[in-house]
Amino acid sequence: MTDIEHGNLLSRGVAEIIVEQEFIQLLKSGRSLRLKEGFDPSAPDIHLGHAVGLRKLRQLQELGHKVILIVGDWTARIGDPSGQSATRPMLSESEIEANAQTYMEQFFKVVDRDRTEIRWQSEWFDKFTLDTVIRLMSKFTVAQILAREDFSNRYRSGNPISLAEMLYPLLQAYDSVAIEASVEFGGTDQKFNCLLGRELQQIMGQTPQHVFFTPILAGTDGTQKMSKSLGNYIGIAEPPEEMYGKVMSLPDSLLTQYFELTTDVPDEEIAQFREQLNAQTVNPMDLKKRLAREIITQFHGKQDADKAEENFTRVFQKRELPEDIPEYGFAASSIQDGLYHLDVAPTLLREGIVQSNSELKRLLAQGAVELDGKKVNTSAINARDGSVLKVGKRHFVRIVIK
RNA sequence: GGAGGGGUGCCGGAGUGGUUAAUCGGAGCAGUCUGUAAAAUUGCCGCCCGUUGGGCUUCGUAGGUUCGAAUCCUACCCCCUCCA
């Protein structure tokens, strides 16, 4: 059994625990805790940023605690106020169902399914009447809700805040009441909502939950938080090669943070990395390769990690051809001396390798298209059967004459 | 109900009758360099074509004025602030 105070359970991957001392006592008491984790079914993909918290959940599950996963089918209709998109179309039930499915497939890559209870918000919110809603709302004041940082920012800068959005924190808080959560999990950006849960539980005569905040992981751009809408994320269900590439393109400055939050590499070793980086006795690239392997091994297994590394070395470092190149059939208009004359534009467009003809023209003009290692400047080419076309940095196409 | 301000490309944000497919910044893409890091540097960044050029469609929506509109007029829709 993990030593609660001496391991890194309460230090690594933890931003803040409220109330910390009480939480420690609770852990020591040997009671099985109910760990609340919510998810928004409008964005079903889980990325490394989410994984930080999920890994923590897993760790606690191993100590015998239970995860209550809440499918936010009602809050999804409102839309997360921290999101930029003002109004999101309401998801249909079947969309939510499908998203939840996808989400859980990914969720249980990290979290233990057997120690998880899945609850839907609709279990309790479907029964709400206007009366219930009003009574819930009457427990809080506008000033209280406006105290939330992003609300007050938006209010000050004259951006709209819908009343429905203001309801969002209340619904999330009520979830804690509904499932009698003893601990809520969330990123530090969830601070307001989680604390409101504490308050509401107290008002409704329950023991207020403790809150376990996990740090926000920086995205691949190195500055903003990892998020799907910003496009700076590494999804845990992405193919190994994609993950490897994305990890390698991370800014060096993120290295130790990533080791700490997304891998099980021991603290001592990470401390060593940090020293080596400071002293410049190690090539950050090598550490990054290690990081990529660690991450991919977690989500795909060691074999895939090795393969992804091989592929990376081959394609991007040695600039050779990848092992597997997707084949596409092309119809040639004529043949001369074993060379087929054909236009690759329609196929590239159809396969989505380029978004438009204009884009392809641009790429051609900029020298981003190669046929068997030689730059070409027109989409009408003379190719062999089996020639390889490279479009941009990462698209490879094997030409098969049909 | 009243007064005022505003809706421009992925985002921010100029532009108030013609040389504007629309200044600039960010993001993105591509070339060189390289460790698919950073920094640097160059180009692209609505769509289509016979591509040193031509065409089409864009500035909340729908009409109108004009040789010509993102820019003027009318109606409508949406957003923000203040007063009640």
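The values are calculated or read from the model by the stated rules, or taken from the named source; none is laboratory data. Quantities reported herein were computed from a predicted structural model and do not represent experimental measurements. Every residue, glycine as well, gets a Cβ built from its backbone with ideal geometry; the counts of neighbours run over all protein chains shown. Keep in mind that these areas ignore ligands, DNA and RNA; they rest on the heavy atoms of the full protein, side chains included. Shrake-Rupley method; radii C 1.70, N 1.55, O 1.52, S 1.80 Å.
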Computed FRET value (nearest 0.05) for A:Lys375 with A:Met204, which takes r as the C-beta separation and R₀ as 60 Å | 0.30
Report, in cubic angstrom per residue, the convex hull volume of the C-alpha atoms of the range A:2-214.
-> 126
For a paramagnetic label modelled at 7 Å from the Cα of A:Leu146 toward its Cβ, which residues of the range A:179-194 fall within the zone defined by backbone nitrogen distances under 17 Å?
-> none
Distance in nm between pseudo-label sites at A:Asp286 and A:Thr102 (7 Å out along the Cβ direction from Cα) = 4.0
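Find the Rg to Rh ratio for chain A, where Rh is the Kirkwood radius over alpha-carbon pairs and Rg uses the same atoms.
Rg divided by Rh gives 1.05.
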Contour minus end-to-end for A:Gln303 and A:Leu321, with contour as 0.36 nm per residue of separation and end-to-end as the Cα-Cα distance?
-> 4.5 nm
Given the rule -39500 (n - 2.57) for each run of at least 4 DSSP H residues, summed and divided by the residues of chain A, what is its mean residue ellipticity at 222 nm, to the nearest 500 deg cm²/dmol?
-> -12500 deg cm²/dmol
Take the solvent-accessible surface of the protein heavy atoms, probe 1.4 Å, and return the percent of it on chain A that carbon and sulfur atoms account for.
-> 48
From a point 7 Å beyond the Cα of A:Glu310 in the direction of its Cβ, which residues of the range A:320-345 have a backbone N at a distance under 14 Å?
-> A:321-325
List the residues of the range A:312-331 whose backbone N lies under 17 Å from a point placed 7 Å from the Cα of A:Asp45 along the Cα-to-Cβ direction.
-> none
Just A:Gln106, A:Gln280, A:Gln298 to compare: in a GNM of chain A, with alpha carbon springs under 10 Å, which one fluctuates most?
-> A:Gln280
Under a 10 Å cutoff between Cα atoms, tell me which one of A:Thr188, A:Thr220, A:Thr141 has the largest fluctuation in the Gaussian network model of chain A.
-> A:Thr141
Sites A:Ile401 and A:Ile118, calculated FRET efficiency, Cβ-Cβ separation with R0 51 Å, nearest 0.05 | 0.50
Cα centroid distance between the range A:274-345 and the range A:366-384, in Å?
-> 20
FRET E, pair A:Arg58, A:Ser32, Förster distance 22 Å, beta-carbon r, rounded to 0.05 | 0.90
Rounded to the nearest 5, the percent of DSSP beta bridges in chain A running antiparallel is 50
GNM, chain A, Cα, under 10 Å: largest mean-square fluctuation among A:Arg362, A:Arg148, A:Arg293?
-> A:Arg362
